[in-house]
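For reference, the structure is listed below as structure tokens.
The values are calculated or read from the model by the stated rules, or taken from the named source; none is laboratory data. Every value quoted in this text rests on a predicted model; they were computed, and no experiment measured them. Positions of Cβ are generated from backbone atoms using ideal geometry, with glycine treated the same way; all protein chains shown enter the neighbour counts.
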Amino acid sequence: MRQNFILQVILSILIVTMPVSAETTIYRFTKIIDGTGEALLARDIAVESGIIKAVGNNLDRSSNGNLVDMGSLIALPGLIDAHTHITYGLPEAPKGNAWGELGATTREQRVAAAKRNALLTLETGVTSVRDLNAGGGIDFELRDAINAGAVRGPRIFTSGPGIHPANDPSPEGTDKTTPEFLKAAAEKRIESGADWIKIFGTTGSADDLTSRAYYSAAAIKAAADVAKAAGKRITVHSYGIEAVDAAITAGVTSLDHPVGLTENHIKAMKAADIIYVPTIDHNRYYAQHSEEYGYDSNVRANLRVFVGRNIETVRRANHAGVTIAMGSDAVLTGFGENTCELRAFIAAGMSNAEAIKSATLNGAMLLGQDNDLGRIKVGYTADFIAVSGDPLTDINAIISGVTAVMKEGVLVVDHRTGGKVNKPNCGTLY
């Protein structure tokens, strides 16, 4: 412990002496928390051309760099939401049949809603998302518009339509569960330019809490193999354990949603470095917003029970050392509530530092961007947020305290002198 402390001090001193030019912007905070969940021995972040150039103390004393004093605010890396549906949105508030209303929207309305969802997500401190299962190329369009600076929002890692019986109906006389069928489905996504391959391994979503397998283990492996050969990452949707063994055997990057993981599943996931994206809080969201969807009291009760089961699964997986990443599974009016998932992680026994890591470094690892995102470190992309309060002692400092957001070194959200800080109503968890 003492040796690590001495090394941190030496590194801090060395970083301070790095040259900073007049083109550099220096953001000064009262404290900096890295994506490791640890506080740094530094207050300043120097940014140039969208990259972190230095991290240290009093960096402006040896330069003419532009100093932006963030006062008592605390810095963290830009957050990563590992599971969103950013193209799911309506032109106005749902009237009691949200899914039916979504099905009736025009493409133009969906694009407008996606842009609004992107901005709401940015307001939560999320600067990168993995978006899963979007149709019509809207996710690609939004990704490219954000990258070009035409739309404000997080950078998006896309999947296009997930591999699902509704998206991939089998030709008459063809067995849709064959490895050849799923291989062809994955190849179609690769050709479209998707960043990720998403496979719906089971049923389950919204008020449907079932988990019946759609595809054979051999079929899932065939899709995963062709994806990996093309340099793509793969995630499998499994609401229970029904597709977990197949996903582990296939060597996927992440497993999303599964409750009830056995000890053997947990050990195998850890051994294979498969990242767990639990999406606990989205079932709380559906219960709390049930009137928007037309869900009755029985559905609400079942959703709350599912939350409890998910929390217990996360508790065991985290205790065993499985890497866990924050994913909101945000849809429709859920944008702005993206980080409520962190409260669920605390309820599952995570420390505040572990919860922070789930939304930063672990998310970057999932994306394969852990040498570029998820940390406040020299050479990394200058994505960081400023919060009021200390999230190492109160995770609500992130959920309800994001005051400013820097994306690639530019202030894209700034409520320091006014404006409404995002304060989501996370309601009752379960």
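Summary table
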| read-out | value |
| --- | --- |
| Hits in region 275-299 (condition: within 13 Å of G427 (Cα to Cα) and out of contact with any Lys or Arg (no Cβ under 9 Å at 6 or more places or on another chain)) | H282, Y285, H289 |
| Candidates E187, E172, filtered to the one that is closer than 21 Å to G251 by Cβ, more than 21 Å from the chain's Cα centre (by Cα) and among the acidic types (D, E) | E187 |
| Qualifying positions in region 44-75 - buried (at least 21 other Cβ atoms within 10 Å of the Cβ) and free of Cβ contacts under 8 Å to residues at least 40 places away in the same chain | D44, A46 |
| Options A227, A217, A184, A223: the member that is among the aliphatic types (A, V, I, L, M) and out of contact with any helix residue (DSSP H, G or I) (no Cβ under 6 Å at 6 or more places or on another chain) | A184 |
| Residue that is aliphatic (A, V, I, L, M), touching a residue at least 12 places away in the same chain (Cβ under 8 Å), in a helix (DSSP H, G or I) and farther than 24 Å from R375 by Cβ, where the choices are L90, L102 | L102 |
| Residue satisfying condition, being assigned to a helix (DSSP H, G or I) and more than 22 Å from R233 (Cβ to Cβ), within set L411, L342, L366 | L342 |
| Candidates A287, A271 - the one that is assigned by TED's automatic domain parsing to the domain that holds A325 and surrounded by fewer than 21 Cβ atoms within 10 Å (Cβ to Cβ) | A271 |
| Qualifying residues in region 78-92 (those that are in contact with a Ser or Thr (Cβ under 9 Å, 6 or more places away or on another chain) and more than 22 Å from L367 (Cα to Cα)) - the one surrounded by the fewest Cβ atoms within 10 Å (Cβ to Cβ) | P91 |
| Positions within region 345-361 being surrounded by 20 or more Cβ atoms within 10 Å (Cβ to Cβ) and either in contact with a His (Cβ under 8 Å, 6 or more places away or on another chain) or in a helix (DSSP H, G or I) (or both), in sequence order | F345, N352, A355, I356, K357, S358, L361 |
| Residue among V277, V259 that alone is crowded, with 22+ Cβ neighbours inside 10 Å and under 24 Å from I398 (Cβ atoms) | V277 |
| Strands (runs of 3 or more DSSP E) (entirely within region 109-227) containing at least 2 residues that are at pLDDT 95 or above, buried (at least 17 other Cβ atoms within 10 Å of the Cβ) and of a type outside the set (A, V, I, L, M, F, W, C) | 126-131, 155-158 |
| Lone unmet requirement of (1) assigned by TED's automatic domain parsing to the domain that holds V68; (2) touching a Ser or Thr at 6+ places or on another chain (Cβ under 9 Å); (3) of a type in the set (S, T, N, Q) for N422 | (1) |
| Number of the exception - I241 against (1) touching a residue at least 24 places away in the same chain (Cβ under 8 Å); (2) assigned to a helix (DSSP H, G or I); (3) of a type outside the set (F, W, Y); (4) surrounded by fewer than 24 Cβ atoms within 10 Å (Cβ to Cβ) | (2) |
